[in-house]
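What follows is a short report on a single structure.
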Amino acid sequence: MCAAPSRAGRERYVRVFEACDEDKKGYLSREDFKVAVVMLFGYKPSKVEVDSVMASVQQKNSGVLLEEFLKLMSTKKAAQLHHSEIRQIFTAFDMQYRGFLTLEDFKRAFNSIAPKLPERIIVEAFRIRIFPSGDRKRQCHSPPESRKCGF
């Protein structure tokens with residue numbers, strides 16, 4: 001999921017990179033990278049996230065070069081947009097604001113957007129995508145817990 005940044009996005013990423021590369025080393029150190037993520041996404045990345053990034057780039061360099069940074073941030077932004085879109089869809093399906101979906105919620109949502117879709121397909125999609133075991137008593141909880149379905 002590596003989308004090319006828009007021109008404005010690229011310029012913003014370059015400005016942040018340059019601001020965080022205070023010593024003009026040409027790369028972002030571990031600490032520089034953390035600051036850049038905070039500036040762009042508003043959160044401090046976890047140790048695991050930073051370790052993963054640094055391990056992937058430090059084999060070749062002392063830190064994250066500009067082109068690598070642009071790719072990383074573009075991918076991160078695309079993932080953020082995808083997560084936001086999933087949350088909006090989930091919220092639209094969760095019409096009673098319970099934080100989870102039942103089979104009935106799922107049917108209602110699909111009947112409103114695809115009224116000619118056979119019910120068996122809706123039930124099958126619910127069963128396969130949410131409950132592989134077919135247990136209809138389960139409920140799916142709102143993202144990011146959407147993979148955790150309980151009774």
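Just so it is clear, none of the values below were taken in a lab; they were calculated from the coordinates. Given the structure is predicted, the values throughout are model-derived calculations rather than measurements. Methodologically, a virtual Cβ is constructed for each residue, glycine included, from the backbone with ideal geometry; neighbour enumeration extends over all protein chains shown.
Below is a table of values for the structure above.
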{"quantity": "Greater than 29 Å apart at Cα, pairs in Lys24/Lys47; Lys25/Lys47; Lys44/Lys107; Lys25/Lys76; Lys77/Lys116", "calculated": "Lys44/Lys107; Lys77/Lys116"}
{"quantity": "DSSP-loop chymotrypsin sites (Phe, Trp or Tyr not before Pro) across the range 1-103, with at most 13 other Cβ within 10 angstrom", "calculated": "Tyr43, Tyr97"}
{"quantity": "Normalised convex hull volume, the range 7-82, alpha-carbon set, Å³ per residue", "calculated": "86"}
{"quantity": "Segment Tyr97-Glu67, length gained on full extension (0.36 nm per residue, minus Cα span)", "calculated": "6.6 nm"}
{"quantity": "Förster radius 35 Å - calculated FRET efficiency between Ile113 and Glu11, Cβ distance, rounded to 0.05", "calculated": "0.40"}
{"quantity": "Additional length obtainable on full extension of the chain from Thr75 to Val38, 0.36 nm per residue less Cα span", "calculated": "11.7 nm"}
{"quantity": "Spacing of the two label points (7 Å from each Cα toward its C-beta) at Glu49 and Glu124, in nm", "calculated": "3.9"}
{"quantity": "Computed FRET value (nearest 0.05) for Glu31 with Arg87, which takes r as the C-beta separation and R₀ as 41 Å", "calculated": "0.85"}
